[in-house]
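The values are calculated or read from the model by the stated rules, or taken from the named source; none is laboratory data. Only a predicted model underlies this, so the values are computations on that prediction, with no experimental measurement involved. When we count neighbours, we look across all protein chains shown, and the Cβ atoms used for this are built from the backbone with ideal geometry, even at glycine.
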Amino acid sequence: MDLETVKERAGPREFSPKDEMPEEYRKAATRMIQFHANSEIMGAYLERPFIRQAPSLERKLAFSAKVQDELGHGQLLYRAAESLGIKTRDEMLDELANGQGKFLNCFHYPMESWVETPMIAFFVDGAAMRRQATLKSTSWEPYAHAMDKVCFEEGFHVKHGEAMLHELMTGSKKEQEMAQEAFEKWWPRIIQFFGPTDKQSTHHGFASEVGLKQKSNDELRRAFLNTYIPKAEKYGLEIPDTPTIEKNDDGTYNVAEDELNWDEFFQIAKNEYEPGLGQIDGRKKAQEAVAWVRESMDSHEQRLYGGGESPQAAD
Amino acid sequence: MIWEVFRQKKAGDYHTHCGNVHAPDREMALLFAEVQHARRMPTNSLWVVPKDEIGEVDTEDVAFGGTTDKSYRWAMTYNFEAAAEEVAASEDEQAEAEQQRRAVADGDD
């Protein structure tokens, strides 16, 4: 299929592995889905320590279920990415370990305290869900199918995140202050979740033309703020002064994007941000620690089926 | 040889199992599947898979979803109005899945 035909046909779930897609499409889709898959994995590693630190049995159970879900989403997405024929799952996991794999800005920041968990579990997951809901209509069918299952599960994460935020904001004065402090720390990062404004976004044009991406960064950010600012206020969180946010007459919000720290954002985007490197190395060590599991599974497969190289059957 | 048949109604949908056919090879299995399973039902694509290649695990072997109370895994457990429409949509899907699970467990289905 040539690129012109791809752009003409670029509707929801339009292309599948049996279509001969141009390399430009397959590379763009791989970049996007691999980024998404990496983010699921890195998000899970960021939250994992809080299974142990959870303040109650209910939270511990819910948190471990959530972390398990996120790792599963990563696996689903690597399969969807692999189906484009550009990279295998192993290659993508290795890239993540050696610092080449890119992932969401928010998951480069360490999380130090339990009060920070709803910042991820409510706001970041809420932002992710906004975006993922639109990706059910992406043009790469395996990606859309992965989104069906991810969105099915994700409602629990966001609502559990809200339950944690509610608990803190109706708790002691100290808890409320700590939650507010965590919110101030995470708020600019959360706004940056959706990436630079459309004008500065390098990949949006093509991804949108071929139907991979359904909504622009700006549209998604606006939709997120319209829903989640009132939620934050409802729980008594004060929206920080920076970046300046203006409320329009129709109840929607405008953000002064240029007040955010984009140098840090782009440093993160290149995997050159110091705390983020710790996150990457932490996961790499975990991957190395279970190398024996992969090796024993590979050798078992080898014994049964011989040396046939087939990424489709690798898992 | 028996081949299991999976039909996709329209492009972008899932292939779902719809029956099986006897056929000596893949090509004829596809032909028979076409004739038996795709003449009147809306069909965009068919898959055929040798029956022996399919693995199965069922409720005789395992308890799907475990046997303990896992209500903490469901959006409905957290009693807040969904923050956004996509959260509400996810919760609806979960509520429906849980309702179907219960119906099957109670033998109503």
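Just for the stretch B:34-70: of the residues that are of a type in the set (Gly, Ala, Ser) and loosely packed, with under 10 Cβ neighbours inside 10 Å, which one is nearest to B:GLN94 (Cα to Cα)?
Ranking the candidates gives B:GLY66 first.
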Hey, B:ARG26 loosely packed, with under 13 Cβ neighbours inside 10 Å and away from chain A (no Cβ under 14 Å) or not: no
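Being touching a residue at least 40 places away in the same chain (Cβ under 8 Å) and either outside any helix (DSSP H, G or I) or β-branched (Val, Ile, Thr) (or both) is the filter; apply it to the stretch A:254-269 and report the residue that is nearest to A:PHE107 (Cα to Cα). Steps first, please.
Step one: filter the stretch A:254-269 for residues touching a residue at least 40 places away in the same chain (Cβ under 8 Å), giving A:255, A:257, A:260-262, A:265, A:268-269.
Cutting the leftovers down to either outside any helix (DSSP H, G or I) or β-branched (Val, Ile, Thr) (or both) gives us A:255, A:260-261, A:268.
Numbers: A:VAL255: 22, A:LEU260: 17, A:ASN261: 16, A:ILE268: 10 Å.
The selected residue is A:ILE268.
Which residue, of A:ALA28, A:ALA62, is within 14 Å of chain B (Cβ to nearest Cβ) and touching a Phe, Trp or Tyr at 6+ places or on another chain (Cβ under 8 Å)? Can you show your working first?
On the way: A:ALA28 fails: within 14 Å of chain B (Cβ to nearest Cβ).
One residue alone meets the criteria, A:ALA62.
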Yes/no for A:ALA163 being in contact (Cβ under 8 Å) with a residue 12 or more places away in the chain, surrounded by fewer than 24 Cβ atoms within 10 Å (Cβ to Cβ) and within 9 Å of chain B (Cβ to nearest Cβ): no
Test: residue in the stretch A:31-41 that is buried (at least 19 other Cβ atoms within 10 Å of the Cβ) and either without any contact (Cβ under 8 Å) to a residue 12 or more places away in the chain or over 13 Å from the mean Cα position of the chain (by Cα) (or both): no
Filtered residues of the stretch A:131-153 (kept if at the interface with chain B (Cβ under 9 Å from one of its Cβ atoms) and either β-branched (Val, Ile, Thr) or at positive phi (or both)): A:THR134
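Hey, does the stretch B:65-73 have a residue that's more than 9 Å from chain A (Cβ to nearest Cβ), under 17 Å from the mean Cα position of the chain (by Cα) and either at pLDDT 95 or above or under 30 Å from A:MET164 (Cβ atoms) (or both)? Write out each step before concluding.
Step one: of the stretch B:65-73, the residues more than 9 Å from chain A (Cβ to nearest Cβ) are B:65-69, B:71.
Pick out the ones that are also under 17 Å from the mean Cα position of the chain (by Cα) and you get B:65.
When the remaining residues are screened for being either at pLDDT 95 or above or under 30 Å from A:MET164 (Cβ atoms) (or both), the result is B:65.
Yes, that holds for at least one residue.
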Qualifying positions in the stretch B:8-47 - touching a helix residue (DSSP H, G or I) at 6+ places or on another chain (Cβ under 8 Å) and more than 25 Å from A:GLU14 (Cα to Cα): B:GLY19, B:ASN20, B:VAL21, B:HIS22, B:ALA23
Selected residue (only one of A:ARG79, A:ARG13 is touching a residue at least 24 places away in the same chain (Cβ under 8 Å), within 14 Å of another protein chain (Cβ to nearest Cβ) and within 12 Å of A:TYR143 (Cβ to Cβ)): A:ARG13
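Which residue is surrounded by the fewest Cβ atoms within 10 Å (Cβ to Cβ), if the candidates are limited to the stretch A:217-253 and must be in a loop (DSSP other than H, G, I, E, B) and within 14 Å of another protein chain (Cβ to nearest Cβ)? I'd like the intermediate steps shown before the answer.
Here is the first cut: in the stretch A:217-253, the residues in a loop (DSSP other than H, G, I, E, B) are A:235-244, A:248-252.
Okay, now just the ones that are also within 14 Å of another protein chain (Cβ to nearest Cβ), so A:235, A:237.
Numbers: A:TYR235: 17, A:LEU237: 21.
The residue in question is A:TYR235.
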Residue match in the stretch A:230-253 (condition: within 30 Å of A:ALA10 (Cβ to Cβ), without any contact (Cβ under 8 Å) to a residue 40 or more places away in the chain and either touching a Ser or Thr at 6+ places or on another chain (Cβ under 9 Å) or of a type in the set (Phe, Trp, Tyr) (or both)): no
Pairs with Cβ under 8 Å, 6+ apart, first in the stretch A:277-299 and at negative phi, second of a type in the set (Phe, Trp, Tyr): A:GLN279/A:TYR45; A:GLN279/A:PHE107; A:GLY282/A:TYR45; A:ARG283/A:TYR45; A:ALA286/A:TYR45
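Name the residue, out of A:GLU274, A:GLU301, that is of a type in the set (D, E, K, R) and surrounded by 14 or more Cβ atoms within 10 Å (Cβ to Cβ).
None of the others qualify; the one that does is A:GLU301.
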Of all residues in the stretch A:169-196 being crowded, with 17+ Cβ neighbours inside 10 Å and assigned to a loop (DSSP other than H, G, I, E, B), the one that is modelled with the lowest pLDDT: A:PRO196
